[in-house]
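Some notes on the structure that comes next.
The values are calculated or read from the model by the stated rules, or taken from the named source; none is laboratory data. Please read these numbers as outputs of a predicted model, since none were measured by experiment. For neighbour counting, all protein chains shown are included, and Cβ atoms are generated from backbone atoms with ideal geometry for every residue, glycine included.
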Amino acid sequence: MSKPKVLVFDIERVPMRTKPLEAWSMKDLQYRRLRPEDIDSWGRTICLAYQWLGERKVHFIAEWQEGGRAAFLQNAHDMLSQADLVVGHNSTSFDVPHLQGEFALEGLGEPEPFKQFDTLLTARKKFNFEANHLDTLTRRFGLRHKTDKYSSKVAFAAVDGDEKAQKRIQRYNEGDVRATTALYLYLRPWGSFNLGTFVDGADETPICPICTSTKLEKRGVRSSSLGRYQQYFCTHCRKWSKGKRLLSPTVEVR
Ligand SMILES: [Zn+2]
């Protein structure tokens, strides 16, 4: 049976920088409106770490590696294109659109379509926690958590060629991916995506829509306005799901 490709990833960026600003007093700066001409360099994604679910290795690509920025963005484009499901913490409104903007600037076009699972959005939607940071959630769930904090100083040093800073941001980036993978595995039964559509033969054998396991237990029935369906519980990831076929259609009353 073919397995869907689940990608967990996280990007690191440098912020934009302004040109030196002229001012006669501190007050001049306080009310100053910045125009695009005042920007010296725009913010950009400088590196990313990723892991294919089921593999141990965490990969790392950066603009300071061989081929420079063009190769980095092409590799990121290929990575997303290969994925069936893309997972990240705040990835739907941060990581994915940032990369897409950079693909557009580079003239790369859209990557092949993929589904998304955002661990931040899922936690926000399903739980009423006070905080939903990656570090907070992984600690509260007793999972592997991150080890370092982002620093723009380290990020700028890394793009300027400081090898120690490059190693540090790589370690930090990879640590975030490992934490996100742990959080994904913990949160996925709360998700509503269907990986079954990526598996050949899933029409005949009932499989879990979240983890594609066939270790499903028949547990009760699910009713809808159309009728009753077999309900399943996945003993692997603990997701509830329902069969595709109607057990008994609702008799229409006129
Ligand atoms: Zn499952």
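Can you pull out the residues in the stretch 11-54 that are touching a residue at least 60 places away in the same chain (Cβ under 8 Å) and either surrounded by 12 or more Cβ atoms within 10 Å (Cβ to Cβ) or more than 29 Å from Ala158 (Cβ to Cβ) (or both)?
Ile11, Glu12, Arg13, Val14, Ile46, Cys47, Leu48, Ala49, Tyr50, Gln51, Leu53
Look at Ser152 and say whether it is surrounded by fewer than 14 Cβ atoms within 10 Å (Cβ to Cβ) and within 22 Å of Thr122 (Cβ to Cβ).
No, not satisfied.
Scanning for something in contact with a Phe, Trp or Tyr (Cβ under 8 Å, 6 or more places away or on another chain), of a type in the set (D, E, K, R) and in a helix (DSSP H, G or I), does the stretch 69-91 turn up at least one residue?
The answer is no; no qualifying residue exists.
Taking the criterion of being over 30 Å from Trp64 (Cβ atoms) and touching a residue at least 24 places away in the same chain (Cβ under 8 Å), would at least one residue in the stretch 140-150 satisfy it?
Of the residues in the stretch 140-150, the ones over 30 Å from Trp64 (Cβ atoms) are 140-143.
From the residues that got through so far, the ones that are touching a residue at least 24 places away in the same chain (Cβ under 8 Å) too are 141, 143.
Yes: one or more hits.
State which residue is farthest from Lys115 (Cα to Cα) when the search covers only the stretch 159-215 and only residues that are within 13 Å of the ligand (Cβ to nearest atom) and touching a Gly at 6+ places or on another chain (Cβ under 7 Å).
Here the residue is Pro206.
Which condition number in (1) assigned to a helix (DSSP H, G or I); (2) closer than 17 Å to Phe193 by Cβ is the one that Glu102 fails?
Going through the list (1) assigned to a helix (DSSP H, G or I); (2) closer than 17 Å to Phe193 by Cβ, Glu102 breaks only (2).
Please tell me if Lys218 is farther than 25 Å from Val87 by Cα and within 16 Å of the ligand (Cβ to nearest atom). Outline the logic, then answer.
Details: farther than 25 Å from Val87 by Cα: yes; within 16 Å of the ligand (Cβ to nearest atom): yes.
Criteria met by Lys218.
Taking strands (runs of 3 or more DSSP E) that fall entirely within the stretch 154-254, which contain at least 2 residues that are under 26 Å from Cys47 (Cα atoms)?
Numbers: elements: 216-224, 227-234, 240-249.
Result: empty, no element qualifies.
If I ask for residues that are surrounded by 14 or more Cβ atoms within 10 Å (Cβ to Cβ) and over 17 Å from Asp95 (Cα atoms), which ones from the stretch 117-134 would you list?
Correct list: Ala123 only.
Hey, does the stretch 112-129 have a residue that's in the same structural domain as Phe94 (by TED's automatic domain parsing), among the small types (Gly, Ala, Ser) and not in a loop (DSSP other than H, G, I, E, B)?
So far as the stretch 112-129 goes, yes, one or more of its residues are in the same structural domain as Phe94 (by TED's automatic domain parsing), among the small types (Gly, Ala, Ser) and not in a loop (DSSP other than H, G, I, E, B).
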